[in-house]
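Some notes on the structure that comes next.
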Amino acid sequence: MTLAFRTRLSVFYTMVFGMLLTAIAAVSYRAVAQQLDSDATTGLIELTNGLHGYLHFEGGKPSIVYDSGDPEEAAFVQRATRFYQIYDATTGVLLAQSEAIAPLGLAFTPAEVKSFRDQPRLHDVQTDYGRIRLTNSVIAGDIASQVFLLQVGASLAGSDGALRRFLQLLLWGMPAGLLIAVVAGRWMAGVALAPLERFAAAARTIDAANLRQRLPVRGVSDELDEVAHAFNDTLARVEDAVGEMRQFSTALAHELRTPIAALRGEIELATMKPGATEEQRESAASQLEELDKLKRLIDQLLTLARAESGQIPLAHDRVELAPIVEGVVDQLEAVAQAQGLALTAEVAARPAIVGDASWIERLLLNLLDNAFKFTPSGGTVTVRLSEDDVSAVLEVRDTGIGMTPDVVPHVFERFYRGDPARSAGGFGVGLGLSLVKWIVDRHSGTIQAAGTPGVGARFTVNLKKI
């Protein structure tokens, strides 16, 4: 299933925003993590360097000497010595340890102390109370060749907690951001496609009867205005071409009437001459019949050309359909009997519509004419008038040769004949149903065709009732 363009555009917006949001979240998380780590390291190094100035050794024993009367100095020393311990770097013996670090179990073996002495570095230790970061610095004692290892630590629980909360915020914020992106993307797609929807609505109102109508131009000289101008230029060319074709059809029909009338007169005069044989009269009658068919074709062409060019005005009066149905059936009953057909009318309701009575009568005449042509002798043609909640329903059905499914979509096209050889009388050029469709459209109605080969056909017209 193909998604609507607006939906595809919304999905595209959402995907782009989602990828951008994910990238920003990943970069932000990494930047915050690095900044917190850097701040923790910088602060810890400052504490370590500052503590060196207060650390003294007497007889190989470390002590911290500071002015307890100086609040600032005392506060600094208290922070620096919260997590600290001092090892004899030679023997690996623990010499001093703060009360806060003792429960954490951070006592190291002589081998580890030697490793820290040889390669002083930062290292993190995971404890039951969170991560602790330790600095390792080598300090010379007051006795020659005596070396000590000072470890100063800082808890990373605060920065780790802040990082976890930031990650949670990202995990909660990203779905909310994506939801906002979906809504915003759909709204933006709607705004972007609104002019195209207006173009489509305007284009749907343009048909062969009003080719002078044009798409609206917003006057902002953007790409959409270029599309509208191009479409309007195309419409202008189509209008000119259709106008020329209509003029040609009308002129041709008018020009053909005169020679046809002359031919008919000559043939009739020839049959009236003394000495005309019966064979000549039969041949003349056949010629006159063909001329009548040609005249009907010309009349239909003229009518259809005038109708499609908007030259035929329609009345908008109250029209009672039942009298029209009954009158047309009575009018054509003799024609049906002459062809061996049974013509019946079923008036189940007596609805009224707003329209043109003469054209509604023409509609029914054409539908019945079509049914007569494709129903062999012995068949039945039925006209039924009914109604539903909103429409008057006019149905013409027959028991003729029917239609195959591939024929049904084309029956209202001009000059279309599904299979002329199957016509009961071989008549018709494919204009009657085109005119029926025009009449239905001008009355804002609908018409459906259906049929089954060998069973019959059915045409159903729905017109809005009053």
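The values are calculated or read from the model by the stated rules, or taken from the named source; none is laboratory data. All values reported here derive from a predicted model rather than from experimental measurement. Reconstructed Cβ throughout: ideal geometry from the backbone, glycine too, with neighbour counts over all protein chains shown. Remember, those area values only see protein heavy atoms, side chains included, never the ligands or the DNA or RNA. Shrake-Rupley method; radii C 1.70, N 1.55, O 1.52, S 1.80 Å.
Quick notes on this structure:
- Rounded to the nearest 20 debye, dipole of region 340-403 from Cβ charges on Lys, Arg, Asp, Glu: 240
- Projected onto its three principal axes, the C-alpha set of region 123-189 covers 80, 25, 12 Å, listed from the longest axis down.
- Rolling a 1.4 Å probe across the protein heavy atoms gives region 331-422 an accessible surface of 47 Å² per residue.
- Dimensions in Å of region 61-127 - Rg and Dmax from alpha carbons: 13.7, 40
- Rounded tilt (10° steps) of 5-52 against the dominant C-alpha axis of the chain: 0
- Rounded, prolate or oblate (a/c below 1.5 giving rounded, otherwise prolate when a/b exceeds b/c) for region 1-91 by Cα gyration tensor: prolate
- q = 0.12, 0.21 Å⁻¹, region 223-366: log10 I(q)/I(0) [Debye, one scatterer per Cα]: -0.85, -1.19
- The A357 and R281 beta-carbon pair, evaluated with R₀ = 45 Å, returns a calculated FRET efficiency of approximately 0.65.
- Region 326-418 - Debye-derived log10 I(q)/I(0), Cα point model, q = 0.13, 0.17, 0.23 Å⁻¹: -0.50, -0.84, -1.26
- Relative contact order (percent, whole number), region 39-151, Cα cutoff 8 Å, 6+ residue spacing: 23
- Relative contact order, percent, region 158-292 [alpha-carbon distance under 8 Å, six or more residues apart]: 13
- Share of Cα-Cα pairs in region 137-254 lying beyond 23 Å, as whole percent: 68
- Apportionment of accessible area to carbon and sulfur, the chain, percent (1.4 Å): 58
- Residues of region 1-112: accessible area per residue with a 1.4 Å probe, Å²: 62
- Normalising the average separation of contacting C-alpha pairs (under 8 angstrom, six or more residues apart) by the number of residues puts the relative contact order of the chain at 10 percent.
- Checking the Cα-Cα distances for K295/K464; K437/K465; K295/K373; K61/K114 against a 23 Å cut-off, the pairs over it are K295/K464.
- Taken per residue, the accessible surface of region 127-276 reaches 63 Å², heavy atoms only and a 1.4 Å probe.
- Relative to the dominant Cα principal axis of the chain, helix 432-442 is inclined by about 60°.
- Selection of chymotrypsin sites (Phe, Trp or Tyr not before Pro), region 279-381, meeting DSSP coil and at most 12 other Cβ within 10 Å: none
- Each of V383, T91, F57 was scored by the projection of its Cα onto the charge dipole of the chain, and the greatest displacement toward the positive side belongs to V383; charges sit on the C-beta of Lys, Arg, Asp and Glu.
- Positive-end residue of L252, Q78, S221, charge dipole of the chain with Cβ unit charges: L252
- For region 212-272, the Stokes-Einstein estimate of translational diffusion at 4 °C and a viscosity of 1.567 mPa s comes to 85 µm²/s, using the Kirkwood hydrodynamic radius over alpha-carbon pairs.
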